[in-house]
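Chemist: This structure is in structure tokens; I'll ask about it shortly.
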Amino acid sequence: MQTSKHNQTAIQRSTLIDALRTILVDDAILFEQEDLKPYECDGLSAYRQLPLVVVLPETIPQVQAIVKLCQQHEIPVVARGAGTGLSGGALPHSEGVLLSLARFNQILDINVQQRTARVQPGVRNLAISEAAKKFGLYYAPDPSSQIACSIGGNVAENSGGVHCLKYGLTVHNIQQLKIITIDGELIEIGAQGLDAPGYDLLALLTGSEGMLGIIVEITVTLLPIPERVQVLLAAFDDVVKAGEAVGNIISAGIIPAGLEMMDKLAIQAAEAFVHAGYPVDAEAILLCELDGTNEEVSAHILTVRKILQDSGATEVRTARDETERMTFWKGRKAAFPAVGRLSPDYYCMDGTIPRKHLPRVLKTMADLSKAYGLPVANVFHAGDGNLHPLILYDANKPGELERTEAFGGKILELCVEVGGTITGEHGVGIEKINQMCVQFKPLELTQFHAIKAAFDPKGLLNPGKAVPTLHRCAEFGAMHIHHGELPFPELERF
Amino acid sequence: MNTDFLQALGKFLSNEQLLSKPDECWAYGYDNSRRHGQPGVVVFPSSHAQVLQIVQLCNQYKVPIVPRGRGTGTVGAAVAIENGLVLSTERMNRIIRTDTANRYMIVEPGVLNQTVQDQAADHGFFWPPDPSSAAFCTIGGNLAYNAAGPRAVKYGTPRENVLGLRAITGDGKEIKTGVLTTKGVVGYDLTRLLIGSEGSLAIITEATLKLTPLPEAKRTIQIIYADIESATQAVASIMQQSVVPCALEFIDGAAINMVREYSSVDLPEQAGAMLMVEVDGQEASLNSATASIEKAAQQSGLLSFQVAASQQAVNALWETRKALSPALRNVAPKKLNEDVVVPITNIPRLIHGLEELSSRYGIPIVNFGHAGNGNIHVNLLFDPDNEAQAANAHTCLDEMFTLVLALDGTLSGEHGVGLEKQNYIGRELDPVAMGLMRNIKLVFDPNNILNPDKSFPG
């Protein structure tokens with residue numbers, strides 16, 4: 001049986017490749033084992049799978065023809081941007097086509113008067129801001145991997161970043177999409193205005209993790225570059241006080257451009273790694289970035305400084321100049337690789353909670369850390385309540401991995417319990433598919449499946465991701481970093 | 001009306017929650033589109049649980065439901081369906097919770113927009129969407145239409161200002177969408193899908209509104225230009241500099257003439273277009289913000305740039321804008337009011353195109369609106385008693401939509417589709433996208449019970 005199934009697949013594969021050759025040039029079709037290898041995983045390297053074939057189309061008609069072919073033969077299609085995703089959304093399907101959008105890498109148009117850029121999905125996030133800079137404009141969402149990640153992937157995952165506290169997620173910064181449906185039809189959704197008639201398909205597609213359509217063009221909103229940016233660093237002798245300071249800043253009516261928190265373990269690791277000048281004896285630090293006009297920033301610095309002091313900060317520093325500002329951020333952005341130096345393995349989560357509960361959740365996490373005998377480093381987007389706890393463990397010690405997973409599960413349950421969500425910005429993908437069952441009731445999951453079916457009745461687009469089947473709801477999974485083997489270790493993260 | 005159905009409703013609704021006499025129901029049949037349908041029954045549920053029971057019962061008896069806030073909508077989405085059920089949310093008007101540290105407020109759909117603003121202001125916050133009818137319209141209605149208002153240019157529409165919803169789908173299932181946090185990427189974005197769906201997918205029973213801190217200070221500026229080109233060039237320049245205004249309103253020459261004729265507001269003779277700009281933020285930042293706007297406003301046709309120095313001066317500057325609506329009502333009580341959107345750089349072409357239509361069809365057209373978003377309220381001032389004008393009005397409207405679409409625009413910026421624009425949206429949306437929308441409708445409402453036969457062409 002095993003052999004005949006294998007043969008059957010092999011025949012299908014050669015037929016498929018022949019058919020693809022009528023659409024694409026030879027170097028746009030990869031099927032040899034060694035050519036497929038680079039595509040076997042995305043940023044979540046714990047899951048690996050070779051696809052049947054990888055295609056690298058360059059034009060919209062090619063994508064349409066590929067999708068039609070796959071639909072006709074009922075072959076799964078998984079779209080891929082730069083493969084920097086952290087939840088396995090671009091993990092290939094063993095029986096499917098991996099459709100890379102890497103060659104869709106052109107910025108088609110920058111309209112300065114409309115403040116928009118029309119770009120292809122394979123364009124890197126940072127490349128948009130670089131191209132817009134000469135017009136005094138930029139694209140706001142900035143996932144830490146922005147140097148490498150593609151805008152198409154950002155739309156598929158609805159990515160955030162440090163500055164989404166003030167400027168919103170990807171969905172708030174795009175206006176139009178061109179997508180290819182599973183029938184191979186090209187449609188344009190959204191509008192260059194406030195709102196388009198009919199249902200908000202743009203929002204539905206954003207964050208749908210490649211399960212509803214293939215994105216082939218994106219119109220993003222550009223913002224004027226703020227006149228001045230300034231960052232404050234505050235040290236605390238107590239994590240709970242730092243958590244309270246976050247709520248106090250927001251309640252005072254200030255929305256910083258970024259509001260990040262690191263705890264002692266993370267501070268020490270980052271300091272040892274990049275020498276950012278952090279106070280290493282502090283229990284927690286907050287980094288608060290303010291942007292706007294010169295006067296506005298000056299006024300906000302005074303207010304925030306006072307709130308931080310009133311909240312019990314032991315020290316508040318303002319970056320003296322742009323160099324020091326970049327140094328403050330360097331420690332934060334390098335925190336993940338830095339923590340990776342402390343322990344053979346770590347396990348990262350992306351739970352998000354209403355800000356007010358930060359003190360309670362941080363306290364409970366510290367108690368759990370003691371109970372499980374596993375250290376936790378916390379580095380996260382405090383202003384959004386978006387936690388990235390890192391549990392340090394050693395996979396070679398028997399039982400430690402299991403304990404880590406149990407601990408991680410407790411943390412995510414805690415997030416949902418206080419009114420939060422299991423993922424703030426990394427997406428569900430394959431990684432958190434089981435935890436979807438904690439957050440959603442069967443009825444809600446059924447609704448998601450029905451929407452999927454409205455777009456893709458045969459379930460060919462990225463099957464098995466993001467929304468669990470009802471009988472799957474059972475266990476927990478997460479991102480594992482083994483022996484410091486962080487995928488794309490050169491990238492700044494989170 | 002089926003008596004079994006009415007009896008079944010009566011089992012869980014009190015007498016005060018159920019109207020079935022035609023004269024009592026009549027008042028719940030129309031909205032601000034001035035269309036009317038006679039409801040068979042009007043219900044006033046007071047809880048999520050009662051809405052659930054009503055929707056389930058309507059599925060069982062196949063009775064269509066029209067959800068209704070306060071009927072201030074202008075395109076007919078709340079107009080009753082003959083012999084259908086109208087579900088009024090006016091008794092679901094509780095503010096459930098205000099949470100300032102997490103910056104949200106949980107409300108029932110019947111709460112008035114103004115009540116939310118007042119309550120939030122007590123804590124130093126506001127909820128950005130502010131349609132002109134804020135004093136009378138409900139949050140549920142605002143969400144159904146994705147109704148925005150002037151502040152959207154800086155703060156976005158309801159879609160950007162809602163964190164999550166609780167709702168009953170058309171087939172009578174309870175769903176909860178979204179999160180209490182500003183981030184969250186789990187599952188499809190059903191929150192934004194339900195917002196703007198005009199009551200055709202689900203009935204919202206609870207909304208978590210994202211609150212924004214009230215700015216410390218605000219400054220109001222009136223800028224007058226000799227011509228449309230200078231004014232719209234200024235709009236584009238203002239939108240490109242780094243101070244995002246919290247209001248950027250545009251009034252064209254025809255509207256200025258109207259104001260001159262019907263009010264005592266004094267405006268320069270040569271005025272061909274006017275902008276009203278507001279900037280908000282820290283008091284300390286407003287001088288430089290104003291300077292930045294002034295720099296962007298320097299166009300060849302600039303006639304005057306006036307910053308209000310006091311609250312009286314602010315009121316005086318807004319007087320022109322506010323005098324507009326009553327003036328229009330005096331001139332043409334049955335005017336057609338459309339709210340199209342074009343990319344801001346196409347505003348001059350839109351206005352010139354409308355001038356041409358106006359002279360060709362002999363119908364005065366005046367335009368004003370939220371220029372920062374390219375959202376223009378086009379008013380066709382026709383007299384229904386004038387046969388020639390009445391005959392021309394709809395052809396003229398038709399040509400206007402063609403013009404808007406040719407300028408890469410959209411047919412409705414904030415008023416919605418409802419009954420009024422139902423037959424036009426097929427021109428804007430492509431058939432594949434519309435097919436997907438119909439599929440989505442079926443997912444939520446397989447029996448086609450919620451606001452059937454609206455919003456999409458038949």
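Chemist: Can we say residue B:181 is crowded, with 23+ Cβ neighbours inside 10 Å and at pLDDT below 90? Break it down into steps so the answer makes sense when it comes.
Modeler: On the way: crowded, with 23+ Cβ neighbours inside 10 Å: yes; at pLDDT below 90: yes.
When the stated conditions are applied, residue B:181 passes them.
Chemist: So which of B:300, B:325 is small (Gly, Ala, Ser), touching an Asp or Glu at 6+ places or on another chain (Cβ under 9 Å), surrounded by fewer than 20 Cβ atoms within 10 Å (Cβ to Cβ) and more than 14 Å from every other protein chain (Cβ to nearest Cβ)? Talk me through it step by step, then tell me what you get.
Modeler: Numbers: B:325 fails: touching an Asp or Glu at 6+ places or on another chain (Cβ under 9 Å).
Just one listed residue meets the conditions, B:300.
Chemist: Let me ask something else about it. Only one of A:166, A:133 is within 11 Å of chain B (Cβ to nearest Cβ), in a helix (DSSP H, G or I) and either out of contact with any helix residue (DSSP H, G or I) (no Cβ under 6 Å at 6 or more places or on another chain) or modelled with pLDDT under 90 (or both); which?
Modeler: Details: A:133 fails: within 11 Å of chain B (Cβ to nearest Cβ).
Within the list A:166, A:133, the selection yields A:166.
Chemist: Then there's this: Residue A:235 fails exactly one of the following numbered conditions: (1) at pLDDT below 95; (2) in contact with a strand residue (DSSP E or B) (Cβ under 6 Å, 6 or more places away or on another chain); (3) of a type outside the set (D, E, K, R); (4) within 30 Å of residue A:342 (Cα to Cα). What is the number of that condition?
Modeler: Among (1) at pLDDT below 95; (2) in contact with a strand residue (DSSP E or B) (Cβ under 6 Å, 6 or more places away or on another chain); (3) of a type outside the set (D, E, K, R); (4) within 30 Å of residue A:342 (Cα to Cα), residue A:235 violates only (1).
Chemist: Among the listed residues A:463, A:468, which satisfies the condition of being buried (at least 20 other Cβ atoms within 10 Å of the Cβ), in a loop (DSSP other than H, G, I, E, B) and either at pLDDT below 75 or more than 7 Å from every other protein chain (Cβ to nearest Cβ) (or both)?
Modeler: Values: A:463 fails: buried (at least 20 other Cβ atoms within 10 Å of the Cβ).
None of the others qualify; the one that does is A:468.
Chemist: Considering only segment A:443-462, I want to know if a residue exists there that is within 27 Å of residue A:170 (Cβ to Cβ), under 21 Å from the mean Cα position of the chain (by Cα) and among the small types (Gly, Ala, Ser).
Modeler: no
Chemist: Can you tell me which residues in segment A:347-360 are at pLDDT 85 or above and touching a helix residue (DSSP H, G or I) at 6+ places or on another chain (Cβ under 6 Å)? First the steps, then the outcome.
Modeler: Initial filter on segment A:347-360 (at pLDDT 85 or above): A:351-354, A:357-360.
Of everything in segment A:347-360, those that are at pLDDT 85 or above and touching a helix residue (DSSP H, G or I) at 6+ places or on another chain (Cβ under 6 Å) turn out to be A:351, A:353, A:358, A:359.
Chemist: Which is more than 14 Å from chain B (Cβ to nearest Cβ) and within 23 Å of residue A:242 (Cβ to Cβ), of A:401, A:390, A:358? Let's see the steps before the verdict.
Modeler: Details: A:401 fails: within 23 Å of residue A:242 (Cβ to Cβ); A:358 fails: more than 14 Å from chain B (Cβ to nearest Cβ).
The match here is A:390.
Chemist: Out of all the residues in segment B:278-293, is one or more modelled with pLDDT of 90 or more, away from chain A (no Cβ under 11 Å) and either farther than 26 Å from residue B:130 by Cα or touching a Leu at 6+ places or on another chain (Cβ under 7 Å) (or both)?
Modeler: Among the residues of segment B:278-293, not one is modelled with pLDDT of 90 or more, away from chain A (no Cβ under 11 Å) and either farther than 26 Å from residue B:130 by Cα or touching a Leu at 6+ places or on another chain (Cβ under 7 Å) (or both), which makes the answer no.
Chemist: When you check residue B:405 against the structure, is it out of contact with any helix residue (DSSP H, G or I) (no Cβ under 7 Å at 6 or more places or on another chain), among the aliphatic types (A, V, I, L, M) and farther than 22 Å from residue B:31 by Cβ, yes or no?
Modeler: Numbers: out of contact with any helix residue (DSSP H, G or I) (no Cβ under 7 Å at 6 or more places or on another chain): no; among the aliphatic types (A, V, I, L, M): yes; farther than 22 Å from residue B:31 by Cβ: yes.
Against the criterion (out of contact with any helix residue (DSSP H, G or I) (no Cβ under 7 Å at 6 or more places or on another chain), among the aliphatic types (A, V, I, L, M) and farther than 22 Å from residue B:31 by Cβ), residue B:405 does not qualify.
Chemist: Further question on the same structure: Condition first: of a type in the set (Val, Ile, Thr) and either part of a strand (DSSP E or B) or in contact with a Leu (Cβ under 9 Å, 6 or more places away or on another chain) (or both). Now tell me which residues in segment A:384-419 satisfy that.
Modeler: From segment A:384-419, those of a type in the set (Val, Ile, Thr) are A:391, A:404, A:411, A:416, A:418; that's our starting set.
Selection gives A:391, A:404, A:411, A:418.
Chemist: Residues being without any contact (Cβ under 8 Å) to a residue 60 or more places away in the chain and surrounded by fewer than 22 Cβ atoms within 10 Å (Cβ to Cβ): count how many of those fall in segment B:100-120.
Modeler: Here is the first cut: in segment B:100-120, the residues without any contact (Cβ under 8 Å) to a residue 60 or more places away in the chain are B:101, B:110-115, B:117-119.
So of that shortlist, the ones also surrounded by fewer than 22 Cβ atoms within 10 Å (Cβ to Cβ) come out as B:101, B:114-115, B:117-119.
Number of matching residues: 6.
Chemist: Select from segment A:240-268 the residues that are outside any helix (DSSP H, G or I) and not aliphatic (A, V, I, L, M) and list them in ascending order. Lay out the reasoning, then the answer.
Modeler: At the first step, the residues of segment A:240-268 found to be outside any helix (DSSP H, G or I) are A:252-263.
Scanning segment A:240-268 gives A:253, A:256, A:258, A:260, A:263.
Chemist: Something else now. Scan segment A:210-227 and report the pairs whose first residue is without any contact (Cβ under 8 Å) to a residue 12 or more places away in the chain and whose second residue is among the small types (Gly, Ala, Ser), with Cβ atoms within less than 6 Å and a gap of 6+ or a chain change.
Modeler: none
Chemist: For segment A:404-439, name all the residues that are surrounded by fewer than 24 Cβ atoms within 10 Å (Cβ to Cβ) and among the charged types (D, E, K, R).
Modeler: A:405, A:410, A:413, A:417
Chemist: Exactly one of these conditions fails for residue B:110: (1) outside any strand (DSSP E or B); (2) more than 27 Å from residue B:370 (Cα to Cα). Give me its number.
Modeler: (2)
Chemist: Same structure, new question: Could you please give the count of residues in segment B:212-256 that are more than 17 Å from residue B:308 (Cβ to Cβ), surrounded by fewer than 23 Cβ atoms within 10 Å (Cβ to Cβ), among the hydrophobic types (A, V, I, L, M, F, W, C) and more than 10 Å from chain A (Cβ to nearest Cβ)?
Modeler: The total comes to 4.
Residue by residue, here is whether (1) touching a strand residue (DSSP E or B) at 6+ places or on another chain (Cβ under 7 Å); (2) outside the structural domain of residue B:247 (by TED's automatic domain parsing); (3) at pLDDT 85 or above holds:
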residue	(1), (2), (3)
B:337	yes, yes, no
B:359	no, yes, yes
B:366	yes, yes, yes
B:370	yes, yes, yes
B:384	no, yes, no
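Chemist: Oh, and also: Mind listing whichever residues of segment A:169-183 are under 19 Å from the mean Cα position of the chain (by Cα) and at the interface with chain B (Cβ under 10 Å from one of its Cβ atoms)? Write out each step before concluding.
Modeler: First pass over segment A:169-183, keeping only residues under 19 Å from the mean Cα position of the chain (by Cα): A:169-174.
Hits for segment A:169-183 are A:169, A:170, A:171, A:172.
Chemist: Let me ask you something else. Just give me the residues in segment A:71-114 being hydroxyl-bearing (Ser, Thr, Tyr) and over 22 Å from the mean Cα position of the chain (by Cα), in sequence order.
Modeler: As a first pass, look at segment A:71-114 and keep what is hydroxyl-bearing (Ser, Thr, Tyr): A:84, A:87, A:94, A:100.
Answer for segment A:71-114, where residues must be hydroxyl-bearing (Ser, Thr, Tyr) and over 22 Å from the mean Cα position of the chain (by Cα): just A:94.
Chemist: Let me ask another. Would a scan of segment B:411-428 turn up a residue that is surrounded by fewer than 24 Cβ atoms within 10 Å (Cβ to Cβ), out of contact with any Ser or Thr (no Cβ under 9 Å at 6 or more places or on another chain) and aliphatic (A, V, I, L, M)?
Modeler: Checked against the condition, which is being surrounded by fewer than 24 Cβ atoms within 10 Å (Cβ to Cβ), out of contact with any Ser or Thr (no Cβ under 9 Å at 6 or more places or on another chain) and aliphatic (A, V, I, L, M), segment B:411-428 yields no hits at all.
Chemist: For the condition more than 11 Å from chain B (Cβ to nearest Cβ) and either in contact with a Pro (Cβ under 6 Å, 6 or more places away or on another chain) or crowded, with 24+ Cβ neighbours inside 10 Å (or both), what is the one hit in A:235, A:203?
Modeler: Numbers: A:203 fails: more than 11 Å from chain B (Cβ to nearest Cβ).
Checking each option against the conditions leaves just A:235.
Chemist: Can you tell me which of A:362, A:374 is in the same structural domain as residue A:394 (by TED's automatic domain parsing) and assigned to a loop (DSSP other than H, G, I, E, B)?
Modeler: Numbers: A:362 fails: assigned to a loop (DSSP other than H, G, I, E, B).
Result of the check over A:362, A:374: A:374.
The values are calculated or read from the model by the stated rules, or taken from the named source; none is laboratory data. Source: prediction; values computed, not measured. Backbone-built Cβ (ideal geometry, glycine too); neighbour counts: all protein chains shown.
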